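The structure under discussion appears below in the form of structure tokens.
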Amino acid sequence: MAEDTSSPMDRFCGSTFWNATETWYTNDPDFTPCFEQTALVWTPCAFYWAFVIFDFYYLKASLDRNIPWNKLNVSKALVNLGLLVITALDLIMALVKKGGDSELPLYDLDVWGPIIKFATFLLVFIFIPLNRKYGVQTTGCQFIFWFLLTVLSIPRCRTEVRLDAERQKILNSQQPSEQDFSWEEYQFVSFFIFFTFTSIMLILNCFADGMPRQTKYQRGENEIPELSASFLSRITYQWFDKMALKGYRNPLEEKDLWDLRPQDSCSEVMPIFAHHWNQNVRKNYKNKARVEPKAQFSNGNVTFENPHGEKNGRKKGMASIMPPIYKSFGGVFLFGALMKLFTDTLTFAQPQVLSLIISFVEAQEAEPEWKGILYAVLLFVLAAAQTFILGQYFHRMFIVGLRIRTALINAIYRKALRISNSTKKESTVGEIVNLMAVDAQRFMELTTYLNMIWSAPLQIGLALYFLWQQLGPSVLAGLAVMIILIPVNGVIASRIKTYQIRQMKYKDERVKLMNEVLSGIKVLKLYAWEPSFEKQVLDIRDKEIATLRSTAYLNAGTSFLWSCAPFLVSLVTFATYVLIDENNVLDATKTFVSLSLFNILRFPLTMLPMLITNLVQTQVSVNRINKFLNSEELDPNSVLHDSSKPHPMSIENGEFSWGDEITLRNINIEVKKSSLVALVGTVGSGKSSVVQAFLGEMEKLAGVVNTVGKLAYVPQQAWIQNATVRDNILFGQTYDRKRYNKVIDACALRADIDILSAGDLTEIGEKGINLSGGQKQRISLARAVYSDADLYLLDDPLSAVDAHVGKHIFEEVIGPKGMLARKSRVLVTHGVTFLPQVDSIYVMKMGEISESGTFDQLVKNKGAFADFIIQHLQEGNEEEEELNQIKRQISSTGDVPELLGTVEKAIKLARTESLSDSISVTSADSLMGRGGSLRRRTKRQDSHDSVASAASLKKKQEVEGKLIETEKSQTGGVEFAVYKHYIKSVGIFLSVATLVLNFVFQAFQIGSNLWLTQWANDQNVANDTGLRDMYLGVYGAFGFGQGLCNYGAAISLFTATLHASSRVFHRLFNNIMHCPSEFFDTTPKGRILDRCSSDVNCLDLVMPLNIRMVMSTAFQVLATIVVISLSTPIFLAVIVPIAFLYYFAQRFYVATSRQLMRLESVSRSPIYSHFSETVTGASTIRAYNVGDRFIEESDAKVDKNQVCKYPSVIANRWLAIRLEMVGNLIILFASLFAVLGGQTNPGLVGLSVSYALQVTQTLNWLVRMSSDIETNIVSVERIKEYGETKQEAPWELEQDKNKPKNWPQEGHVEFQNFQVRYREGLDLVLRGVSFNIKGGEKVGIVGRTGAGKSSLTLALFRIIEAAGGRISIDGVDIASMGLHMLRSRLTIIPQDPVLFSGSLRINLDPFEIKTDDEIWKALELSHLKSFVKSLAAGLNHEIAEGGENLSVGQRQLVCLARALLRKTKVLVLDEATAAVDLETDDLIQKTIRTEFKECTVLTIAHRLNTILDSDKVIVLDKGQITEFASPTELLDNPKSAFYSMAKDANLV
């Protein structure tokens, strides 16, 4: 073997390391044995040692432990041991057989070869028990290692087999040979054992290990297969097949989805993010006093620090969410970046191989065929590797995006529970929800592209480097073009940005206004005000569309620039190249390698501007989120909990404000243990503010507030969750039947619950829509009582309930003998009746406490309190026995004659009155005594309970109790009708124009490329400059045509889609406004808003881009197929099977993906509706201190949304891998056929392969975008569904125009055998009611709850349509008129005053048809004039959302002013004596008596003094009229129900 050992490697082996003649320049290529035993073995080993760090990382990051021994890991260990033995044996045998005495020399290879292998196998072996212990079920590094080792050993197999054959030949030849082949024989055997073992290891590594025994999180039945999928299955996403198949067979449902991966759940993501956020917040403070430990996840609880910090720590600046995001999620992101780097490198290897293929075709005869095949296969391998790595990269990025979204949603949610009132004033609920819905979502969309920031410049740099090699300095000309285009784009981008901000602003405005319109829809319908508000919304929408239109033109501009860019660049570069120097000639290699490099360039160049606009948008979002997360929070220390103070609740020298001027000053209140303290005073004197001060909701300017113990709070306006009645009362506590029943009876809810369809399991709509004010208030009270707290803050809980219920509640709950007798209570009240029974009274006046003391002391003082009582008694709405009580109380204090006189008068008045209708709430007898009725009820109640527990009833109840219909997510394919609907909205002309322009554009593109081929192959160009210039000119012309068509296509498309989305929205909104009111009862507002915001947004912004992409990619794919088939017609044979593969992947994917997207959007809205509910009820949540529970609920909803989101991300990757492999097959066949097909035209080969190289991406985009269209067309479907809901009767009818201007002149109302039900399938609420009211009569309507009083008025306004019979006004059947005609000629003062944000003027007169004088007159009569005069803006005073900045009483007066402005012949008064203090109520009554003297007035009465002087009384019972006569007549007849009501109250 004494060869010339020249290189160190040759010396190492003792034989040649590389022999080019043998390997490359031959028809039968082979490697040298030395190369096979070193390079081909060490490459995999080096790879493993380099990347083993990842294996260690996975051990550390694993959440599981302890995989049991099983067949798989035991066999792995055994085979690995076998390999260790074999390699050790190799070393020993080498030392034995060679070296020393034997004539065979011992080379370094014989020693080091086995040692390197041994070390590597040992490392792999160590990981087997380690992975088992740490629960790692599969590792990528090992799989790749075994894969490389097996593949790279194949050449040696061939060598060894050949050598063996040669040896056999020598041995078989007759002459006896002296040669000793024992070493070679040994190597032959040992190598094949080694090869078998590596192959077995490779196969074993294709499977994942068993399930770990210990897991940090419970692994359910439904766990995601990914967790226990093998590496191979993970990179091919084969574990997703099951779901794809399931989704293809029948539409997926929620139960088919897998559980969330623990790493992505809130409970894993949040602590990390919170930890980094808190660090960041602390960095912003100069005083680094506190060192915080890591964010612990104590009982599922993450604390976020307040960026506002303590008052003393000075702030350096805003805490931003960006650093915490980098720190929390940067690791995965960096790993992704590494993969991106790999793929970028692989991308540039492809043009190099292409140039090899072209030169192979040029030198067809000279080169052996195997090289061509090698190049084709190499191209395929490169593409395939790129596919797998990119798949993992995108997957990683999506995960980061999902986690960031989770973190942000949760951070925003937690913050919303703590923002101060001044912050809350700055933004509406809608805007805060938008932070979550839009801004947090932005991040998710961005993460995938974020790496382009460094990757794009890198790709551009590399492309330029390779181009320089092809074309030299002329590349600079092309580069110059690109660089010039960037600032142009920048300018356009910044314009787009300003438009976008504007569009966001309009969108916020529109959603906010629609939110209010939907909240107050009932009122709008009663007033017939829909057109005015519809116009307001549509005006904003038009502005929004105008902004979008400008954006669209700019977008078309950018797309024009970018489609021209690659072409311009290649034109300029080629022109410069051929014009610089006569000798520069374009040949096929130069042309097509440059073209494919330009194609590579195109992607980063297109991405950069997109990325920049995206970044800019995200920056806007980041700023919005930062502003919110940094906004001021309530000071948790404003209320102390110092148990050493003598009393459980106290305020000392308190001064408080709501953020601007001081609202309360000099407040000193003490609440002794187990005492009841009342706060009284007129409307707006600051009673509620004191309660808020105790809760810490107000800004404390001075003084000390102290509360000790658990709080319960009943707000003035009850906050009811969208849940069952029982859940609202339990409010997260456990259900204790006895206590619960006690509470229900005490709060007088038993009767209401019996009325409800499913008892206390009835679901309550959003904001308690299907409950009356009194019921809401009582549920809110029951919640407080059930919570069994120590301190009770009751903000006027008795205002919304009827007098008797009020009395019952006071006695059973609040008073000295009630359930709360042992607690410390603060009661804000308007009534005088209960004041003698409270322990002390504080009288509020103008935000100060004017006096305080017990009832007797205050009466003696003759101060503000005495006036308050006198004024109160004059209204005369107390019951006689209560007055007697007050009288006894006052006379016992002695020496207050004027007060006593007033009381006497009031008693006389009360005797003449009679009981109100509402005894009925808990039926008269049960409340007013009648002996044992209460005891009887408790007995009955127990039996009622045992019955209710019967399962059958329960099921029925749950079904009946569902008010809100669950959102249907459509299943299966989107019907063609939806597309037709959309195309119709777009318009036929524009649709066709867009298609044609795109087609022409593509034709130009193919033309220009074929022209280039022609040019490159033309041999005469070299010596003929004229010919060259002709080629150049035509090429340029082609490009110009391309640009124009592209611009035209973009413009026509954007115009078309905008036109469509504007029409669709008009139709949608118009339809929603025309929906009957039952639609709004059964559909949550959030769902309608979702249609109007996110679905419309989808049509505005997403659809146009999607359609654009689909068109361009579809034409591109077509072009590719055309070009390849032109150059190699045989390709058409392969296209059919490939198309089949493609079609199947696409069908499977679309079916699954679309359904996943639907499920995802259905699971998304609960996050937002829960959030907006939380924001509205924040003060109640804080008072009860259940923030953590709500945070958990929110987390659960976010997780549930991720459960739907994650599979759809995976579906994308699953598809991408499969499609790109299809694309890679196209590359393989295009290049193989080009090489083998004997194609001699290098230009065409170049063209077809460079087209094929692009096809992978294009195919991918095509499916992705077409399925995106299918997914987003769901928005059209959802909007279409709402556009086709049942409509109410038409608003205007032709024949209405003939009616006189002042109809109805008489006001004569007649009901004839009238029947009505609330919605289809429910029982009748009015069953054949007949009565006749003459014009100008005043009629009172009484009856117990649910007797059908309100149904009567709703029927009069046709809010609910007749089921039989008729109503006529002035002899005209109201069913024959347009709704607006009818509603605008009747007036109503509704029960709850609804105001809209906007000026006071708009609230009184939305159509702006009244003069200022008329408005001022109305304000004067409704006693608001002085108040409005005192406002700076007067009539233009801005009213906050829902009228928040007026007191409830003032809102009621505004409603009265509306009625006065309208003043029609028929007035309906739905008594709203609830929230108004008696003074206001009195004013309203007086005004109505004087101003509506001539009119027919129908009053739904709650208190008798309002209807005693009426002309007639209607007594309703169970939907039928039992009595209809004048009050005196009824009282004279002892048999009448009216009389018996009066008798029950001891009034007759």
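The values are calculated or read from the model by the stated rules, or taken from the named source; none is laboratory data. What you see is a predicted model; the values in this text were computed from it and never measured. Note that we place each Cβ from the backbone using ideal geometry, even for glycine, and neighbour counts take in every protein chain shown. Keep in mind that these areas ignore ligands, DNA and RNA; they rest on the heavy atoms of the full protein, side chains included. Shrake-Rupley method; radii C 1.70, N 1.55, O 1.52, S 1.80 Å.
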**OP:** Name every residue in segment 446-470 that is more than 25 Å from VAL578 (Cβ to Cβ), among the small types (Gly, Ala, Ser) and surrounded by 18 or more Cβ atoms within 10 Å (Cβ to Cβ), in order of residue number.
**Re:** SER455, ALA456
Original post:
Only one of (1) touching a Gly at 6+ places or on another chain (Cβ under 9 Å); (2) surrounded by fewer than 22 Cβ atoms within 10 Å (Cβ to Cβ) is not met by ILE1072, so which one is it?
Top reply: (2)
**OP:** Please enumerate the residues belonging to segment 1262-1282 that are open to solvent by 20 Å² or more (accessible area, probe 1.4 Å) and either among the polar types (S, T, N, Q) or at pLDDT below 80 (or both).
**Re:** ARG1264, SER1266, ASP1268, GLU1270, ASN1272
Original post:
Can you pull out the residues in segment 1001-1036 that are within 49 Å of the chain's Cα centre (by Cα) and either surrounded by fewer than 14 Cβ atoms within 10 Å (Cβ to Cβ) or aromatic (Phe, Trp, Tyr) (or both)?
Top reply: PHE1001, PHE1004
Original post:
If we scan segment 235-249, do we find a residue that is in a loop (DSSP other than H, G, I, E, B) and among the acidic types (Asp, Glu)?
Top reply: no
**OP:** Filter segment 388-410 for residues that are hydroxyl-bearing (Ser, Thr, Tyr) and surrounded by 24 or more Cβ atoms within 10 Å (Cβ to Cβ) and give the result.
**Re:** THR406
Original post:
Of (1) modelled with pLDDT of 90 or more; (2) open to solvent by 40 Å² or more (accessible area, probe 1.4 Å); (3) not in a strand (DSSP E or B), GLY684 satisfies all except one. Which?
Top reply: (1)
**OP:** Answer yes if at least one residue in segment 1008-1022 is touching a helix residue (DSSP H, G or I) at 6+ places or on another chain (Cβ under 7 Å), β-branched (Val, Ile, Thr) and closer than 21 Å to SER1127 by Cα, and no otherwise.
**Re:** yes
**OP:** Look through VAL111, VAL85, VAL151, VAL96 and report the one residue that is free of Cβ contacts under 8 Å to residues at least 40 places away in the same chain, β-branched (Val, Ile, Thr) and within 25 Å of ALA208 (Cβ to Cβ).
**Re:** VAL151
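Yes or no, residue by residue, for (1) open to solvent by less than 20 Å² (accessible area, probe 1.4 Å); (2) modelled with pLDDT under 90; (3) in contact with a His (Cβ under 7 Å, 6 or more places away or on another chain); (4) under 18 Å from ALA718 (Cα atoms):
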site: ARG739; (1), (2), (3), (4): no, no, no, no
site: SER757; (1), (2), (3), (4): no, yes, no, no
site: GLU763; (1), (2), (3), (4): no, yes, no, yes
site: GLY774; (1), (2), (3), (4): yes, yes, no, yes
site: ARG778; (1), (2), (3), (4): yes, no, no, yes
**OP:** Return yes when SER199 is assigned to a helix (DSSP H, G or I) and modelled with pLDDT of 95 or more and no when it is not.
**Re:** yes
Original post:
When the residues of segment 105-117 are filtered to those that are of a type in the set (A, V, I, L, M, F, W, C) and open to solvent by 60 Å² or more (accessible area, probe 1.4 Å), which remaining residue is farthest from the chain's Cα centre (by Cα)?
Top reply: LEU106
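Condition check ((1) modelled with pLDDT of 80 or more; (2) touching a Pro at 6+ places or on another chain (Cβ under 9 Å); (3) within 21 Å of SER689 (Cβ to Cβ); (4) charged (D, E, K, R)) across all residues:
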residue	(1), (2), (3), (4)
VAL785	yes, no, no, no
ALA800	no, no, yes, no
VAL805	yes, no, no, no
TYR842	yes, no, yes, no
ILE886	no, yes, no, no
**OP:** Kindly provide the set of residues from segment 555-586 that are closer than 30 Å to GLN500 by Cα and open to solvent by 40 Å² or more (accessible area, probe 1.4 Å), ordered by number.
**Re:** ASN555, PHE560, LEU568
Original post:
With respect to THR618, is the statement that it is assigned to a helix (DSSP H, G or I), open to solvent by 30 Å² or more (accessible area, probe 1.4 Å) and hydroxyl-bearing (Ser, Thr, Tyr) true?
Top reply: no
**OP:** From the list LEU749, LEU676, pick out the single residue that is in contact with a Pro (Cβ under 9 Å, 6 or more places away or on another chain), in contact (Cβ under 8 Å) with a residue 24 or more places away in the chain and within 18 Å of GLU812 (Cα to Cα).
**Re:** LEU676
Original post:
Of (1) touching a helix residue (DSSP H, G or I) at 6+ places or on another chain (Cβ under 7 Å); (2) of a type outside the set (Phe, Trp, Tyr); (3) at pLDDT 90 or above, LYS1417 satisfies all except one. Which?
Top reply: (1)
Original post:
Taking the condition assigned to a strand (DSSP E or B) and within 19 Å of LEU820 (Cα to Cα), does ALA702 pass?
Top reply: no
**OP:** From (1) within 30 Å of LEU761 (Cα to Cα); (2) out of contact with any Phe, Trp or Tyr (no Cβ under 9 Å at 6 or more places or on another chain); (3) at pLDDT 90 or above; (4) outside any helix (DSSP H, G or I), pick out the condition that doesn't hold for ASN728.
**Re:** (4)
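Results for (1) open to solvent by less than 30 Å² (accessible area, probe 1.4 Å); (2) at pLDDT below 85, shown as yes or no for each residue.
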site	(1), (2)
GLN1305	no, no
PHE1314	yes, no
LYS1334	no, no
ARG1344	no, yes
LEU1352	yes, no
ILE1369	yes, no
ILE1374	yes, no
LEU1386	yes, no
PRO1393	yes, yes
Subject >> Selection from segment 1111-1134 of residues that are among the aliphatic types (A, V, I, L, M) and either touching a residue at least 60 places away in the same chain (Cβ under 8 Å) or within 30 Å of ILE1051 (Cβ to Cβ) (or both) >> reply: MET1111, ALA1114, VAL1117, LEU1118, ALA1119, ILE1121, VAL1122, VAL1123, ILE1124, LEU1126, ILE1130, VAL1134
Original post:
Of everything in segment 1107-1160 that's under 26 Å from LEU1236 (Cα atoms) and of a type in the set (Gly, Ala, Ser), which residue is surrounded by the most Cβ atoms within 10 Å (Cβ to Cβ)?
Top reply: SER1127
Original post:
For segment 12-104, which helices (runs of 4 or more DSSP H) that fit wholly inside it have 3 or more residues that are more than 16 Å from THR139 (Cβ to Cβ) and either among the aliphatic types (A, V, I, L, M) or open to solvent by less than 50 Å² (accessible area, probe 1.4 Å) (or both)?
Top reply: 33-37, 39-61, 71-97
Original post:
Just to be sure, is LEU995 modelled with pLDDT under 85, part of a helix (DSSP H, G or I), of a type in the set (A, V, I, L, M) and surrounded by 13 or more Cβ atoms within 10 Å (Cβ to Cβ)?
Top reply: no
Subject >> Leading residue by the ranking (farthest from VAL1468 (Cα to Cα)) among those in segment 1288-1327 that are part of a strand (DSSP E or B) and over 48 Å from the mean Cα position of the chain (by Cα) >> reply: ASN1313
Original post:
Can you pull out the residues in segment 82-118 that are closer than 20 Å to PHE17 by Cβ and aliphatic (A, V, I, L, M)?
Top reply: ALA94, LEU104, LEU106, LEU109, VAL111, ILE115, ILE116
Original post:
Which members of segment 1414-1449 meet the condition of being open to solvent by less than 50 Å² (accessible area, probe 1.4 Å) and polar (S, T, N, Q)?
Top reply: SER1422, SER1447
